[in-house]
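Below is one structure, written out as structure tokens, with a few remarks after it.
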Amino acid sequence: QVQLAESGGGLVQPGGSLRLSCAASGNFFSLSAMGWYRQAPGKQRELVALIGSSGTTNYADSVKGRFTISRDNAKKTVYLQMNSLKPEDTAVYYCKSQRTGYWGQGTQVTVSS
């Protein structure tokens, strides 16, 4: 059974940093591209960053230069390092297995002074 579990969200001041983790169960992880998405109140869910099975990455323009996606296949975990956070980064952040279509339950990130 495929399960994805995000962690690492919280409240942070503008300019601060957080690192999100998404731990996977199941045997799909090393073969799957993984994505981080976010959904702010009243807005559609949007793609933040993608990492392919070989490690290639893509980012939304709004987070380029501030966020870094990475993966550890041995730990079946994908990470999102978020630096220079802005209030507009406030959202629920979700990870997704692009191969299986499964989503995690989400973790709240709030950027506020």
Seminar exercise, completed: Counting only residues in segment 71-108 that are among the small types (Gly, Ala, Ser) and under 11 Å from residue 33 (Cα atoms), the one most open to solvent (accessible area, probe 1.4 Å) is identified as 101
Problem set entry | Count - residues of segment 49-70 that are within 21 Å of residue 28 (Cβ to Cβ) and either surrounded by fewer than 15 Cβ atoms within 10 Å (Cβ to Cβ) or out of contact with any helix residue (DSSP H, G or I) (no Cβ under 7 Å at 6 or more places or on another chain) (or both) | 11
Problem set entry | Members of segment 1-39 found to be out of contact with any Gly (no Cβ under 8 Å at 6 or more places or on another chain), at pLDDT below 95 and among the polar types (S, T, N, Q), listed by number | 25, 27, 30, 32
Exercise. Which of the residues belonging to segment 65-87 are free of Cβ contacts under 8 Å to residues at least 40 places away in the same chain and either among the aromatic types (Phe, Trp, Tyr) or over 14 Å from residue 50 (Cβ atoms) (or both)?
Worked result: 65, 66, 67, 72, 74
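Given the condition aliphatic (A, V, I, L, M), surrounded by 15 or more Cβ atoms within 10 Å (Cβ to Cβ) and within 13 Å of the chain's Cα centre (by Cα), answer yes or no: does some residue in segment 5-16 qualify?
no
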Seminar exercise, completed: Apart from one, (1) open to solvent by less than 60 Å² (accessible area, probe 1.4 Å); (2) free of Cβ contacts under 8 Å to residues at least 40 places away in the same chain all hold for residue 25; the odd one out is (2)
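Of all residues in segment 39-63, how many are part of a loop (DSSP other than H, G, I, E, B), touching a strand residue (DSSP E or B) at 6+ places or on another chain (Cβ under 9 Å) and among the charged types (D, E, K, R)?
The total comes to 2.
The values are calculated or read from the model by the stated rules, or taken from the named source; none is laboratory data. What you see is a predicted model, and the numbers here were worked out from it, not measured in a lab. Please note: Cβ atoms are built from the backbone with ideal geometry, for glycine as well, and neighbour counts cover all protein chains shown. Surface areas here come from the heavy atoms of the whole protein model, side chains and all, with no ligands, DNA or RNA. Shrake-Rupley method; radii C 1.70, N 1.55, O 1.52, S 1.80 Å.
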